[in-house]
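The values are calculated or read from the model by the stated rules, or taken from the named source; none is laboratory data. Here the structure is a predicted model, which means the values were calculated and not measured. Every residue, glycine among them, receives a Cβ derived from its backbone with ideal geometry; neighbour counts consider all protein chains shown. Ligands, DNA and RNA are excluded from the accessible area calculation, which covers all protein heavy atoms including side chains. Shrake-Rupley method; radii C 1.70, N 1.55, O 1.52, S 1.80 Å.
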Amino acid sequence: MTPLLVVAEDSASMKRITIGCAAVSIVLAAAVALACGSSSDAQGGEADAATSDASTTAVDGAGPGPTTDARADDGAASAPVTVTVTVAGAPEAGVTVVFHDATGAAIDAKLTGSDGKASRVVEAGGQVTVAMSGPGRRHLLTFVGVKPGDVLQAVDETHASIVTEAITLPVAPPSPNQSIYVGQCNQFTTTGAAVIDIAPDCIHGSTFPVLAFSNANPRAFTFKKGNSVAVASVTGLPAWTTTVGNFDVDLAHVATLPDAGAVPYVFITHIADGDPFHDSLAPPKEGANYFVTYPGYADSIQAEIDVTEVLAPPYDALMALTASADRGAATRTTAALDVSLLLPRFTQAKLDTSAPGRPQLSWATASPLTGVAAVDGGGATINWTTTLDGSDELGTWSFVLPPDMTSLHAPALPSSLGAWLPTAASTFAAPRVSFVESPTIAGYDQLRATPLLFIPNLSALYVFRAGLPPVPPDTTLRATWIMQKEI
């Protein structure tokens, strides 16, 4: 099979594709067989059409697998895996959840109930895939290496859209030009107002912060938090003030940074209303690296050191990043990071789309992710664009991965989910793969339960804007990842 690595990435969404039983591509044959009359697995058995609780509904006639009744005497091994799907913070009903064995074969598919939950007994090492969709976007999320009794969370981001806000600044700005930030989205203005189109990755809730500062010294700033996305304008920002603060990122062992081909940065991230605003310095230096802060704005501050490197051919369409972050209270004025403890960087990632309905991905790092570099787990994301009837739509397949994986083969899906799958006509973007480690993560069991909290680029909405997304409060985290070249 010939690997295909395409570096162009489209922000549109993937069009629905109908796949019936009469005309089935080879790559989907195994999955479609489940929906076209297969009634037993390799061991032979009865299809389990029952739901794990009253809130779920069996769908698509997927094949058999262990049932709760059949394994009730196995104790903990019979505990079902439960997936909860939420959208905008509320349970989402009617989402298809596919349960797989360890080989990736689909054994059952259920719909989430009114509580957003779907449950089924799955063997240890099995997989679970959640199929989410919204206007112009489809997203598959597969949990690899699940265990009986797992309680997993999936967040449906496919309904997110751009929010436009008209922002009015205070009178008498201290200089003729200001920068306005809403999370990571920003707008430059030379007047007292601006209209900002806020991308979905910049707002992470129903409220958002606005920070404005002058692009001249002495720096003056103003801010207002808790602005509602339901209101199309922001007014009432307080008067400009020049009372800024300082934050020191104290770096140790800067001499261990690579001196060729790599670009290091030191960051602080001001996090307000859950939304980050990054500020960076380069090159980092041993000891103190000072930043301006805006007293009262941040709810917490995240310090980090990042190293970015564009890979050598044949992987020069990719860049590798490694970072260490420390998020703490906004009242603190310093954080210490040891550069020598950065995780090894990725050296390659290969995407094989010769069977597009079940893509394969492999990767490697400069040294093993073991010992001091041992990780808790990771994630991978494959994006593609499919054009049908003159319309482009984006598909995304994300995977939550155990720490020892170096390759993956996407699991088979029932024919009812054919619209979620790429085809031979799809255009693939460069893949993203990441692994993380944190003292606050209790291994892969905790990581796979709430993956979006820890894995920096697992989100379907991820856009590279420099720096790590916010890690959980009072957490240190090391991450290494590879993605499409953006510098």
Within region 414-455, the count of residues that are surrounded by 24 or more Cβ atoms within 10 Å (Cβ to Cβ), among the aliphatic types (A, V, I, L, M) and under 25 Å from ALA364 (Cβ atoms) comes to 4
Return the residue satisfying two criteria in turn: it lies in region 175-195 and is crowded, with 17+ Cβ neighbours inside 10 Å and over 15 Å from ARG465 (Cβ atoms), and of such residues it is modelled with the highest pLDDT. ILE180
SER300 vs. criteria hydroxyl-bearing (Ser, Thr, Tyr) and buried (at least 16 other Cβ atoms within 10 Å of the Cβ): yes
Which numbered condition trips up PRO200, out of (1) over 30 Å from VAL339 (Cα atoms); (2) open to solvent by 60 Å² or more (accessible area, probe 1.4 Å)? (2)
Total residues in region 154-172, condition of a type in the set (Gly, Ala, Ser) and surrounded by fewer than 16 Cβ atoms within 10 Å (Cβ to Cβ): 3
Candidates PRO264, PRO284, PRO276, filtered to the one that is touching a residue at least 24 places away in the same chain (Cβ under 8 Å), in contact with a strand residue (DSSP E or B) (Cβ under 9 Å, 6 or more places away or on another chain) and not in a strand (DSSP E or B): PRO284
Return the residue satisfying two criteria in turn: it lies in region 85-132 and is hydroxyl-bearing (Ser, Thr, Tyr) and surrounded by 20 or more Cβ atoms within 10 Å (Cβ to Cβ), and of such residues it is farthest from ALA154 (Cα to Cα). SER119
Residue ID - nearest to the chain's Cα centre (by Cα), chosen from residues in region 390-407 that are of a type in the set (A, V, I, L, M, F, W, C) and either at pLDDT below 95 or surrounded by fewer than 21 Cβ atoms within 10 Å (Cβ to Cβ) (or both): LEU394
Could you run through region 447-487 and say how many residues are at positive phi and of a type in the set (A, V, I, L, M, F, W, C)? 1
